[in-house]
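In what follows, a single structure is set out as structure tokens and then discussed.
Readers should treat all values here as calculations from the given coordinates under stated rules, not as data from a laboratory. These numbers come from a predicted model, not from an experiment. No Cβ is skipped: glycine too gets one built from the backbone with ideal geometry, and neighbour counts run over all protein chains shown.
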Amino acid sequence: MKIYNGIEEYNCNKVPIPVVSVGTFDGVHIGHQRIIARMVEEARKINGETVLITFYPHPRLVLHSDSRDLKFINTREKKFELLERFGIQHLIAINFTREFAKTTSKDFIKNIIVDKIKTKKLIVGYDHQFGKNRLGDYSSLYDICKELSIEVKRVKAQDVNKIFVSSTKIRKALNEGKIKKANELLGYNYSISGNVVRGAGIGRTIGYPTANIDLEDEYKLITANGVYACLVEYKDKTYKGMGNIGFRPTIDDGDLTIEVNIFDFNKEIYDESLKVFFVDRIRDEEKFKNLDALKKQLKKDKINVLKLLKREVL
């Protein structure tokens, strides 16, 4: 996938018959995947290539001061990785500013999509809104595109178990620790990544050493506190493990930590990178009366986790 940091880097003469979509695509969930699949299908028909326009930073971070606590399902790097995996060939990341936010729907379509990208085909989601104050809906988009001789197609809503998929619903599921539901809506396992840092070393003393992870992105959404069945990727190899998100109340550690006990693994990996994929949540974080009680529970947790991960492909 070719990434362009701004519309200025894009050269329309090098992209044959672009098929375009626009959006933040946080999560790259199954609804987004359906849009991309339609783009790929339409591009094949005309020997064209897929072009996605996205924005960075996220518009809400720029326009709303109360959105400082806004967290995202994926980091920018992970989102780009997923977009490429599902079929985007060209990604234009437009710098979103307050000045850019004043762009009207028609000016955006004409000045960028028509004049700069030179597309004749636009694919959008069922709830697509765009332009100044997000006033452009599908009806107005259709009228503008018709005037500018662009074909626009809207992809129907994707649903799972009669639930319409949206990034908002996925964030809610993650905040509630409903990891299986979130994974169903995403179409893949929610994950985090970061470097391994030194912890207190308590886990090692009770036979369950953990890798403590320092997240690489401050805007990354962390799923709810609790104990999880996980898959852990280290140097292109995948291991089973159990993760914990929380404050480790049994040892009175007051800081939020993300740690994972990797099964059948005995290496020192401080300062190295890990990816942790959350498969299922097995229980709340609890405070035990002592370390022996915690150790007994962790033994039960591991048995439970191995059962849950039995069918997972490594």
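Sort 264-273, 161-170, 229-238 by the packing proxy (mean of other Cβ within 10 Å over each peptide's residues), most packed first. Numbers along the way, then the final one.
Values: 264-273: 10.8, 161-170: 15.3, 229-238: 16.9.
With the highest mean Cβ count within 10 Å placed first, the list reads 229-238, 161-170, 264-273.
Sequence neighbours fewer than 8 away in the same chain don't count; with that in mind, list the aspartates and glutamates whose C-alpha is under 18 Å from K220.
Here the aspartates and glutamates satisfying the reach criterion relative to K220 are D26, D66, D69, E77, E81, E176, D255, E259.
Counting Lys and Arg as +1 and Asp and Glu as -1, each charge on the Cβ, what is the dipole of the chain about the Cα centre in debye, to the nearest 20?
Values: 55 positive and 43 negative charges, 207 e Å.
Around 1000 debye, computed over the chain.
What residues from the range 6-24 fall in the zone where the backbone N is under 18 Å from a label point 7 Å along the Cα-to-C-beta line of K110?
From the range 6-24, the list is empty.
Is the shape of the range 189-308 rounded, prolate or oblate, going by the alpha carbon gyration tensor and its root eigenvalues a ≥ b ≥ c, with a/c under 1.5 for rounded and a/b larger than b/c for prolate?
Numbers: a/c = 1.34, a/b = 1.26, b/c = 1.07.
Rounded is the answer for the range 189-308, as its axis ratio a/c remains below 1.5.
At D255 and E286, where each label point lies 7 Å from the Cα along Cα→Cβ, what is the point-to-point distance in nanometres?
Going by the 7 Å Cα→Cβ label model, 2.7 nm.
Which ³J(HN,Hα) values in Hz, rounded to whole numbers, follow from the phi angles of the range 36-50 under the Karplus curve 6.51 cos²θ - 1.76 cosθ + 1.60, where θ = phi - 60° and Gly and Pro get x?
Each residue's phi maps through the Karplus curve to give 4, 4, 5, 4, 4, 4, 5, 5, 4, 4, 10, 6, x, 9, 7 Hz.
Shape call for the range 2-163 from the C-alpha gyration tensor, a ≥ b ≥ c root eigenvalues: rounded (a/c under 1.5), prolate (a/b greater than b/c) or oblate? List each step's numbers first, then the result.
Working: a/c = 1.27, a/b = 1.13, b/c = 1.13.
Here the range 2-163 falls in the rounded category.
From the cross-link list K78/K240; K2/K180; K106/K178; K156/K181; K110/K169; K169/K295, which pairs have alpha carbons spaced over 29 Å apart?
Details: K78/K240 21 Å; K2/K180 33 Å; K106/K178 40 Å; K156/K181 21 Å; K110/K169 33 Å; K169/K295 36 Å.
As for pairs spanning more than 29 Å Cα to Cα, those are K2/K180; K106/K178; K110/K169; K169/K295.
Please report the relative contact order for the chain, taking Cα pairs under 8 Å with a sequence separation of at least 6, and give it as a percent rounded to a whole number.
Numbers: 576 pairs, mean separation 50.9, N = 314.
The value is 16 percent.
Projecting each Cα onto the charge dipole of the chain (Lys/Arg +1, Asp/Glu -1 at the beta carbon, about the Cα centre), which of Q297, V260, V40 comes out farthest on the positive side?
The residue sitting farthest along the positive end of the dipole is V40.
Pairs K235/K310; K235/K267; K162/K307: which are spaced more than 18 Å apart, C-alpha to C-alpha? Don't skip to the answer; put the middle values down first.
Working: K235/K310 22 Å; K235/K267 12 Å; K162/K307 29 Å.
Check vs 18 Å cut-off fails for K235/K310; K162/K307.
May I ask you to order 112-121, 32-41 by the average number of other C-beta atoms within 10 Å around their residues, highest value first?
Numbers: 112-121: 17.9, 32-41: 20.9.
The most tightly packed comes first, giving 32-41, 112-121.
Is any residue of the range 85-113 close enough, with backbone N under 20 Å, to a label point placed 7 angstrom from the Cα of D127 along the Cα-Cβ axis, and if so, which?
Residues passing the 20 Å test: none.
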